[in-house]
Amino acid sequence: MPASVFAPWNDPSEKPLIRFRNVTKRFGDFTAIDDLSLDIFEREFFALLGPSGCGKTTMMRMLAGFESPSDGSIELAGQDIVSVPPNKRAVNMMFQSYALFPHLTIWDNIAFGLRRDKRPKLDIADRVEEMLKLTRLEKFARRKPHQISGGQRQRVALARSLAKAPKLLLLDEPLGALDKKLRQDTQFELMDIQEKTGTTFVIVTHDQEEAMTVASRVAVMDEGRLIQVATPDAIYEAPNSVYVADFIGDVNIIAGIASSTGPGRYKIAWREDQAPFVAMSDKPFSEGAECYLAIRPEKVQISAQKPDEAANTVQGTVLDIAYLGNISTYIVELANGTQIKAQIANTRRISNRSFTWEDTVWLSWSDTAGILLDG
């Protein structure tokens, strides 16, 4: 029997843990959050993703209780928490700086919140040992923060945040201070810890790769609004706008005019000197409507000869090559100056690469490879 898929947002009987209802937040004349409604469910690893200034940190600060909405309500487990002070919420927040106490040992850093709550000593000891084991820090318990690495400090901050068993843990750019390799390793550790504890995590990040790796769902934000809320694969494969397609990963976006050639099938006139492209779309487009064809580079094939069967083919010259170890991205310039990216896996050594700079090549893709968007 396959394990059931975790998707409470698809179940009408599931009640959300967090509920934003028509929340607006103004700072003077500036609207940071604009009439936003959002449900987040128990045990989710939810990512708020967007560029600087999009409102994601303001949302997190309102959840933590450091800011109050100008309008609307925020519920946690069915309770309106707008008037509840931060220290009375079943919420903990982990900051990018980690904010560890330098004079305390790792053990005492983790115990700090439990001691403030005046928990029994034996309970504190048991809980700290449990957190050390969860974050694989047992052998560092007697060290001070400056005696351990950045990745280990990050795990101490996480252990301290989880020690009080909050319903909700907020992570504000938690991996921003780590180098790329360590950040990738830590992302998987975070996912593992979140799964083991069952705590609901909400992470704020501007790193698309991070959001797509860790999250059960991603909310893409811009200028205080939610542009799309969906699973990472849906955000990548079925963006609802040019903004989302362009923000997540690498993409070719070609503007054109749509005309129907059959049920769900369109041709896209994009240049007078080029044959129209062909694309399938569940979304209807009226005759002569402006549209955008978004195609991921890995869905574009590159070949020396014109393919016989492909729905879409264009010829161009290799302008640039980005070698990224496991993949190579080719930027191909067409005769009219348009540039299209194609990406291929490097299954052979670089010295045996099939194409190089200034080679004439053909690019091709199927009628289902791209997604047709209206803006």
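The values are calculated or read from the model by the stated rules, or taken from the named source; none is laboratory data. Since this is a predicted model, take the numbers as computed values, not measurements. Cβ coordinates were reconstructed from backbone atoms using ideal geometry, including for glycine residues, and neighbour counts include every protein chain displayed.
Within region 192-204, does at least one residue satisfy the condition of being without any contact (Cβ under 8 Å) to a residue 12 or more places away in the chain and either under 19 Å from residue 340 (Cβ atoms) or within 24 Å of the chain's Cα centre (by Cα) (or both)?
Yes, some residue in region 192-204 is without any contact (Cβ under 8 Å) to a residue 12 or more places away in the chain and either under 19 Å from residue 340 (Cβ atoms) or within 24 Å of the chain's Cα centre (by Cα) (or both).
List every residue pair whose Cβ atoms sit under 9 Å apart, with the two residues 6 or more apart in sequence or on different chains, where the first one lies in region 98-120 and is under 20 Å from residue 149 (Cα atoms) and the second, anywhere, is loosely packed, with under 11 Cβ neighbours inside 10 Å.
Cβ pairs passing all conditions: 102/146; 105/142; 106/142; 107/142.
Table: residues versus (1) modelled with pLDDT of 95 or more; (2) assigned by TED's automatic domain parsing to the domain that holds residue 363.
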position: 219; (1), (2): yes, no
position: 226; (1), (2): yes, no
position: 257; (1), (2): yes, yes
position: 264; (1), (2): no, yes
position: 286; (1), (2): no, yes
position: 293; (1), (2): yes, yes
position: 299; (1), (2): yes, yes
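Confirm whether residue 239 is surrounded by 15 or more Cβ atoms within 10 Å (Cβ to Cβ) and at negative phi.
Considered against the rule, which asks whether it is surrounded by 15 or more Cβ atoms within 10 Å (Cβ to Cβ) and at negative phi, residue 239 comes out as yes.
Can you tell me which residues in region 69-93 are at pLDDT below 95 and farther than 18 Å from residue 17 by Cβ?
The answer is 83, 85, 87.
Which of the residues belonging to region 149-181 are buried (at least 17 other Cβ atoms within 10 Å of the Cβ), closer than 23 Å to residue 216 by Cβ and free of Cβ contacts under 8 Å to residues at least 40 places away in the same chain?
Within region 149-181, 155, 175, 178 qualify.
Any chance you could count how many residues in region 360-373 are of a type outside the set (Val, Ile, Thr) and within 23 Å of the chain's Cα centre (by Cα)?
Result for region 360-373: 4.
Does region 314-337 contain any residue that is touching a Phe, Trp or Tyr at 6+ places or on another chain (Cβ under 6 Å), surrounded by fewer than 17 Cβ atoms within 10 Å (Cβ to Cβ) and touching a residue at least 60 places away in the same chain (Cβ under 8 Å)?
Scanning region 314-337 turns up no residue that is touching a Phe, Trp or Tyr at 6+ places or on another chain (Cβ under 6 Å), surrounded by fewer than 17 Cβ atoms within 10 Å (Cβ to Cβ) and touching a residue at least 60 places away in the same chain (Cβ under 8 Å).
Scan region 242-259 for residues that are polar (S, T, N, Q) and either surrounded by 17 or more Cβ atoms within 10 Å (Cβ to Cβ) or out of contact with any Lys or Arg (no Cβ under 8 Å at 6 or more places or on another chain) (or both) and jot them down.
Passing the criteria: only 252.
The rows are residues; the columns are (1) in a loop (DSSP other than H, G, I, E, B); (2) closer than 28 Å to residue 30 by Cα.
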| residue | (1), (2) |
| --- | --- |
| 209 | no, no |
| 213 | no, no |
| 220 | no, yes |
| 226 | no, yes |
| 229 | no, yes |
| 234 | no, no |
| 244 | no, yes |
| 249 | yes, no |
| 257 | no, no |
